[in-house]
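Below: one structure, written as structure tokens.
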Amino acid sequence: MNIRLTDGKIAKPLLLFSMPMIAGNLLQQLYNVADTFIVGQTIGATALSAVGSSYSLMVLLTSIILGLCMGSGVVFSQFYGAGRLEELRTSIFNAFFMIFLVSAVINTAAFLLLENCIIWLQIPKEAVAFTREYLQIIFIGIMATCVYNFFAAILRSIGNTTIPLLFLAVSAITNIILDLVFIVWFHMGVSGAAWATVIAQYLSSICIVVYFFQKASNLCPQRKHMHFQNELMRLVLSNSALTAIQQSIMNFGILLVQGLVNSFGFIASAAFAAVVKIDAFAYMPAQDFGNAFSTFIAQNYGARKPKRIDKGIKTAILLSSLFCVVSSLCVCLFAEPLMLLFVKPEETQILQTGIHYLYIEGSCYIGIGILFLLYGIYRGVGKAGMSIILTILSLGTRVALAYALSPFPSIGLTGIWVAVPIGWFLADLTGILHYCLRERRRIFLNAES
């Protein structure tokens, strides 16, 4: 089902469009949550630390690919909203060639620099062997991530979020089943968790490619579209590259924090491995709603409907705030049971460290919810550079404060935790002021020209 976002009511179509994306990425989180839960409960805290550190690195690497796909999707949405289907097909060809090439380079570099990454991340010595074993396999799935997310971006750009969700659901279920088979039955350890994820990733990528060529063939580039058009390539590259930079900066900052946390030792590393999964799961609805909202903005920007953009922003703020309040309540009220999903009750120090983090982060999700909306707005109107500025401001504040506060014995890890929401709210204030004072006027002038 394709949902057109340029006409009629706003709240209901926006929710119908975003819900499959939210559900899909919640399922995608199950890839890593399943690994973390089963690894932590069956192999132990050392393996949990390894999988957690590997997750941070993989998020950084795949964020570049995801950013390229998201940025390209904005261009696809703008062409679709404006009814320019010939240019849409040509841009699909140009974008795929670029993203596939970049993904291949990332994949090759990941294998070549594996040992350097382990050293740079300051992996606790107890977890080094597990981390190496896990990453050597998980890197094989990078190209599958590229293929799935590219074709999902095409379908979402025309209002179809249901099909990507369907294939992701099949993949997530497969991942969980294979986790149990490989780890519990065949006792393959962390390599079993890695192979389960890789197989599931390739399953989802194959399914979505087959669907695209069978059911969405009207979007498939024909021979006349298979050429490099400089103007289109620049448009795709400017949007996708900036979004990729924004995504990679965001996750590079998280990786820096991961290294700082690892320097506090095994207990902090294991706790952080668990809470990062909980955190990502908790604010995922707001993140994916922001990504869906980017498509809404892009379609209406392409259709030159600034008043509808204004109404959409007000609606989106209310909906995103609701997501965040619910997530905050759940995390703060159930911090201990959530941590017990990943660590055993007798590992009290890891448990308490994680709970302390969740109380601080969990009460502030509205900050990152608004930030995700701002990212969506600026990507949708072709100003992804502003998203980079907000990301640098947010992550720069987080990293700087974390490194400045954590060395003090009286503060320690708490300094790393409190730096996060401070960075969110500072970026929110900057993004809102810039939109109200400058960007909104440019959108209306563009519609009149």
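Computed from the coordinates by the stated procedures, all read-outs in this text should not be read as laboratory data. The structure presented is a predicted model; accordingly, all values stated were derived computationally and were not measured. All Cβ positions, even for glycine, are placed from backbone atoms using ideal geometry, and neighbour counts span all protein chains on display.
Along region 316-332 the Karplus relation, 6.51 cos²θ - 1.76 cosθ + 1.60 evaluated at θ = phi - 60°, assigns HN-Hα couplings of 5, 4, 5, 5, 5, 4, 5, 3, 5, 4, 4, 5, 4, 4, 5, 5, 5 Hz to successive residues, with x for each Gly and Pro. Summary value for the chain: 24 percent relative contact order, contacts being C-alpha pairs under 8 angstrom separated by 6+ residues.
Dividing the mean sequence gap of close Cα pairs (under 8 Å, 6+ apart) by how many residues region 392-449 holds gives a relative contact order of 35 percent. Loop-resident chymotrypsin sites (Phe, Trp or Tyr not before Pro) (DSSP state other than H, G, I, E or B) in region 161-262 with no more than 16 further Cβ atoms inside 10 Å of their Cβ: F186, F228.
Partner lysines whose Cα lies under 26 Å from the Cα of K311, excluding those fewer than 8 positions away in the same chain, are identified as K9, K12, K383. Across region 220-353, the relative contact order, built from alpha-carbon pairs under 8 Å that are at least six residues apart, equals 28 percent.
Dividing the alpha-carbon radius of gyration of region 275-374 by the rule-of-thumb value 2.2 N^0.38 Å gives 1.34.
Rounded if a/c is under 1.5, else prolate if a/b beats b/c, else oblate: with a ≥ b ≥ c from the C-alpha gyration tensor eigenvalues square-rooted, which is region 173-292? Here region 173-292 falls in the oblate category.
Can you give the percent of C-alpha pairs in region 147-194 whose distance is more than 16 Å? Summing the P(r) of region 147-194 above 16 Å gives 51 percent of all pairs. Taking amide H atoms as placed 1.01 Å from N in the peptide plane, the amide H of N160 lies under 5 Å from those of I3, each 5 or more residues away in sequence or on another chain. Candidate cross-link partners of K215 among the lysines, defined by an alpha-carbon separation under 21 Å and a same-chain spacing of 8 or more, comprise K224. Computed 3J(HN,Hα) for region 98-111, one whole-Hz value per residue from the Karplus formula 6.51 cos²θ - 1.76 cosθ + 1.60 where θ = phi - 60°, is 5, 5, 5, 5, 4, 5, 5, 5, 4, 4, 5, 5, 4, 5, glycine and proline marked x. Protection proxy ranking, highest mean first, for peptides 286-292, 316-322: 286-292, 316-322, where packing is the per-residue count of other beta-carbon atoms within 10 Å, averaged.
Simple point charges give the picture: +1 on the Cβ of Lys and Arg, -1 on the Cβ of Asp and Glu, and for the chain a dipole about the Cα centre of about 1820 debye. For K344, go through the lysines and keep the ones whose alpha-carbon is under 23 Å away, minus same-chain ones fewer than eight residues off. In chain and number order, the partners are K125, K277.
When the alpha-carbon atoms of the chain are used, the pair Rg, Dmax equals 21.3, 66 angstrom.
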